[in-house]
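Take a look at the structure below.
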Amino acid sequence: MMTRFALAAALTLVALFPVSAATKRAPIVPPPAPVVLPDTVRVALNTELGTITVDLDYKHAPITVRNFVTYVDQKRFDGIVFYRSMHLPWGDPPNGLIQAGTQGDPKRILKPIAHEPTNLTGILHKAGTLSMARYGPGTATGDFSLLLSDLPGLDADPKAQGDKDGYAAFGHVVSGMDVARRIFDAPISATKGEGFLKGQMIEKPIRILTARRIPIPPPVDPAPAVPPAAPPAAKPPAAQP
């Protein structure tokens with residue numbers, strides 16, 4: 001039974017060329033201060049099949065959420081695709097996940113991030129969960145999965161054999177699971193993919209047109225309770241002659 005998933009996302013090696021002594025040094029500019037994020041960040045993934053809206057749990061998975069939001073804010077997710085649909089041959093359908101991301105594109109990919117396991121964040125792999133794809137812990141970059149079913153085998157398990165760290169879950173879908181299901185049901189290629197990925201690659205990948213942060217509407221106060229109507233006043237007795 002498959003309980004772990006991996007993504008073939010290559011890490012980009014950047015060549016460093018020596019700078020000529022005659023080259024004028026650029027002024028040192030301090031890096032910008034990191035953007036302050038709220039406990040929950042809402043993002044709309046506008047795909048060719050509709051919009052999937054997700055809430056990212058910055059309070060419990062700050063490293064992973066900040067990484068995802070950086071890709072969103074820098075528009076590195078605009079034009080990427082959902083390319084994988086993993087259908088598990090047990091349980092009630094839909095059982096599995098879909099996967100999207102930068103696929104090692106050197107024009108999009110950022111540095112790998114530290115791993116935030118589920119036994120530290122408390123965010124478990126339930127239906128609708130977002131989770132980072134990776135090789136080993138600490139190699140996640142810009143590829144992520146969206147679960148169509150509960151997959152507890154992706155959670156960290158200190159007692160497991162082999163990979164005990166699981167995958168970094170960091171958010172969940174608040175609307176658009178019907179869109180995710182349509183992506184999950186997209187035709188699968190008979191030839192794409194290598195190794196365990198063969199038979200999981202979508203024939204015509206589904207494009208994410210834009211990924212944008214959106215505001216979370218304030219909670220709506222419940223309507224005040226309407227007091228019950230007072231009973232009609234009793235009529236006074238008729239005067240006696």
Diffing the stretch 143-156: the Karplus 3J(HN,Hα) column from phi (6.51, -1.76, 1.60, θ = phi - 60°), in whole Hz with x for Gly and Pro, holds 10, 9, 10, 10, 7, 8, 8, 5, 10, x, x, 8, 6, 5
Restricting to aspartates and glutamates and to Cα separations under 20 Å from K192, and discarding same-chain partners fewer than 8 apart, the set is D105, D143, E203
Between A156 and residues 5 or more places away or on another chain, the pairs with built amide H atoms under 5 Å apart involve T118, N119, Y167
Listed by chain and number, the residues whose amide H is under 5 Å from that of I206, excluding neighbours fewer than 5 places away on the same chain and using placed H, are F82
Karplus ³J(HN,Hα) for the stretch 165-175 (6.51 cos²θ - 1.76 cosθ + 1.60, θ = phi - 60°; Hz, whole; x = Gly/Pro) runs 8, x, 10, 8, 7, 8, x, 8, 6, 9, 7
Per residue, the convex hull enclosing the alpha carbons of the stretch 90-190 has a volume in Å³ of 138
Taking only the Cα positions of the stretch 129-188, the convex hull volume per residue in Å³ is 112
Largest-first ranking of T102, T70 by accessible area, probe 1.4 Å, whole protein assembly kept, is T70, T102
Mean Cβ-within-10 Å packing, highest first, puts peptides 134-146, 195-207, 218-230, 80-92 in the order 134-146, 80-92, 195-207, 218-230
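The values are calculated or read from the model by the stated rules, or taken from the named source; none is laboratory data. Please read these numbers as outputs of a predicted model, since none were measured by experiment. Every residue, glycine as well, gets a Cβ built from its backbone with ideal geometry; the counts of neighbours run over all protein chains shown. Only protein heavy atoms, including side chains, enter the accessible area calculation; ligands, DNA and RNA are left aside. Shrake-Rupley method; radii C 1.70, N 1.55, O 1.52, S 1.80 Å.
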